[in-house]
Amino acid sequence: MGKNLVLQTDFGVCDGAVSAMYGVAISVDPNLRIFDLTHEIPQFDIWEGSYRLYQTISYWPKGTVFCSVVDPGVGTERLSVVAETVEGQYIVTPDNGTLTHIKQDVGIRQVREIDEKVNRLPRSGESYTFHGRDVYAYTAARLASGVISFEEVGRELEVQDIIQLDYSEPYLEAGDIVHGNIDILDVRFGNLWTNIPRELFKEAEIEYGDSLEVTIANDTQQVYKNIMTFGRSFADSHLGEPLLYVNSLDKLGVAINQGSFANAYRIETGTNWKIIIRRAPKIVYT
């Protein structure tokens, strides 16, 4: 293992929960390098936890161990697992859908159930509400430091049996109408990140500078419809104009130049938030 441990939770940092996880990990191996992905996942939002792993994991070296705890089912019969990605990173997490985007967009080689008889913080056996500290941080630290091997985590599970959240694939209609979902927000700036890959735009023969009609709906209720330009960067639009662009994950994004698209139109994320993009007449702003 590379002795890199990356933590993600919905705990926030206003109390001692994250610090306790750090303490457990350092007690296992004081030479571990511990990093924060984020601790600002909205409470209980497994979908966002899944996406933030996907957003980040491929940029970390082989052997990095991620510990992701967004766990509204803590203390229930849901399994605790470690997944090995096809790129060689590891994710320690509850089996509750957190691995959805990794399975779909990165790939999972193996999954093992955490054997809590072996991989559980000593003297924590009567606690059932802080598995992030007692099971996940402890197991992740032992794996990252080489105290245990992946095989020593526990019994192997079938990859196809892990829990997945509803996940919709983008598609083309009639060769040039692009359908997708609003997967997540670029939170600080309010941009919409879709699940539409740039390759689908290429397949539809949509090019930079084209004018496109963008429709956004929550289930069947239309929330937004307008014409905007497909630009290489925000410099291809004027201040306050909407635009389509390719984001840092090579997916299509929707933005307002120096404004929050999500706030302006009260748009949220998930499989019920649909986006349809089709060609429109060329528009010129004056």
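What does segment 154-205 give for Rg and for Dmax, in Å, if only its C-alpha atoms count?
Rg, Dmax (Cα atoms, Å): 15.9, 48.
Of all DSSP beta bridges located in the chain, what percent are antiparallel, nearest 5? Before the final figure, lay out the partial values.
Working: 48 of 63 bridges.
Antiparallel: roughly 75 percent of the beta bridges in the chain.
Once a ≥ b ≥ c are taken as the square roots of the eigenvalues of the Cα gyration tensor of segment 1-143, is the result rounded (a/c under 1.5), prolate (a/b larger than b/c) or oblate (a/b not larger than b/c)? Write out the running numbers ahead of the final one.
Numbers: a/c = 1.30, a/b = 1.19, b/c = 1.10.
Rounded is the answer for segment 1-143, as its axis ratio a/c remains below 1.5.
Contact order normalised by length for segment 99-226, with contacts defined as Cα pairs under 8 Å and 6 or more residues apart; what percent is it? Before the final figure, lay out each step's value.
On the way: 122 pairs, mean separation 23.2, N = 128.
Once divided by the residue count of segment 99-226, the mean separation gives 18 percent.
So, R0 is 35 Å and r is the distance between the beta-carbons of residue 35 and residue 169; what FRET efficiency does that work out to, to 0.05? Walk me through the intermediate numbers first.
On the way: r = 32 Å, r/R0 = 0.91.
With a Förster radius of 35 Å, E is 0.65.
Give the accessible area for residue 225 in Å² (nearest 10); use a 1.4 Å probe, count only protein heavy atoms, and leave out ligands, DNA and RNA.
110
Please compute the net charge surrounding residue 108, taking Lys and Arg as +1 and Asp and Glu as -1 over other residues with Cβ under 15 Å from its Cβ. Write down the numbers at each step before the final one.
On the way: positive: 62, 103, 109, 112; negative: 84, 87, 95, 105, 113, 156, 158, 161.
That sum, taken over residues with Cβ under 15 Å, equals -4.
On a 1.4 Å probe surface of the protein chains, which of 15, 45, 10 comes out largest in accessible area, and what is the full order?
Numbers: 15 95, 45 45, 10 25 Å².
Output order, biggest surface exposure first: 15, 45, 10.
Would you mind counting up the charge near residue 145? Only other residues with Cβ under 9 Å from its Cβ, with Lys and Arg at +1 and Asp and Glu at -1. Don't jump to the answer; show the numbers that get you there.
Numbers: positive: 3, 142; negative: 29.
It works out to a net charge of +1.
Ignoring everything but the protein chains, give the 1.4 Å probe accessible area of residue 47 in square angstrom, nearest 10.
The value for residue 47 is about 30 Å².
Would you kindly find the accessible area of residue 78, with a 1.4 Å probe and non-protein molecules such as ligands, DNA and RNA excluded, rounding to the nearest 10 Å²?
That residue has around 40 Å² of solvent-accessible surface.
Which of rounded, prolate or oblate describes the chain when judged by the alpha-carbon gyration tensor and an a/c cut-off of 1.5?
Values: a/c = 2.41, a/b = 2.20, b/c = 1.10.
Here the chain falls in the prolate category.
Assign one of three labels to segment 1-69, namely rounded, prolate or oblate, based on the Cα gyration tensor with a ≥ b ≥ c the square roots of its eigenvalues; rounded applies when a/c is under 1.5, prolate when it is not and a/b is larger than b/c, and oblate otherwise. Mind showing how you got there, number by number?
Details: a/c = 2.79, a/b = 1.14, b/c = 2.45.
Oblate shape, in that a/c is at least 1.5 and b/c is the bigger or equal ratio.
Let me spell out the model: positive unit charges on the Cβ of Lys and Arg, negative unit charges on the Cβ of Asp and Glu, origin at the Cα centre of the chain. What dipole size does that give, in debye rounded to 20? Numbers along the way, then the final one.
Values: 25 positive and 40 negative charges, 119 e Å.
Here the size comes out at about 580 debye.
Keeping all protein chains in place and using 1.4 angstrom, which order do 22, 54 fall into by accessible surface area, from largest down? Mind showing how you got there, number by number?
Details: 22 60, 54 30 Å².
Descending order: 22, 54.
Quick one: net charge of residue 46's neighbours, Cβ under 13 Å, K/R +1, D/E -1? Numbers along the way, then the final one.
On the way: positive: 52, 78; negative: 10, 45, 48, 71, 95, 166.
Around residue 46, the charge tally is -4.
Need the C-alpha centroid separation for segment 165-184 versus segment 1-40, integer Å.
36
Over the chain, what is the mean sequence separation of C-alpha contacts under 8 Å (at least six apart), divided by residue count, expressed as relative contact order in percent? Working shown, then result.
Values: 617 pairs, mean separation 44.9, N = 286.
Relative contact order for the chain comes out at 16 percent.
The values are calculated or read from the model by the stated rules, or taken from the named source; none is laboratory data. These numbers were taken from a predicted model, which means no experiment stands behind them. Every residue, glycine among them, receives a Cβ derived from its backbone with ideal geometry; neighbour counts consider all protein chains shown. The accessibility values were calculated without ligands, DNA or RNA, using every heavy atom of the protein model including side chains. Shrake-Rupley method; radii C 1.70, N 1.55, O 1.52, S 1.80 Å.
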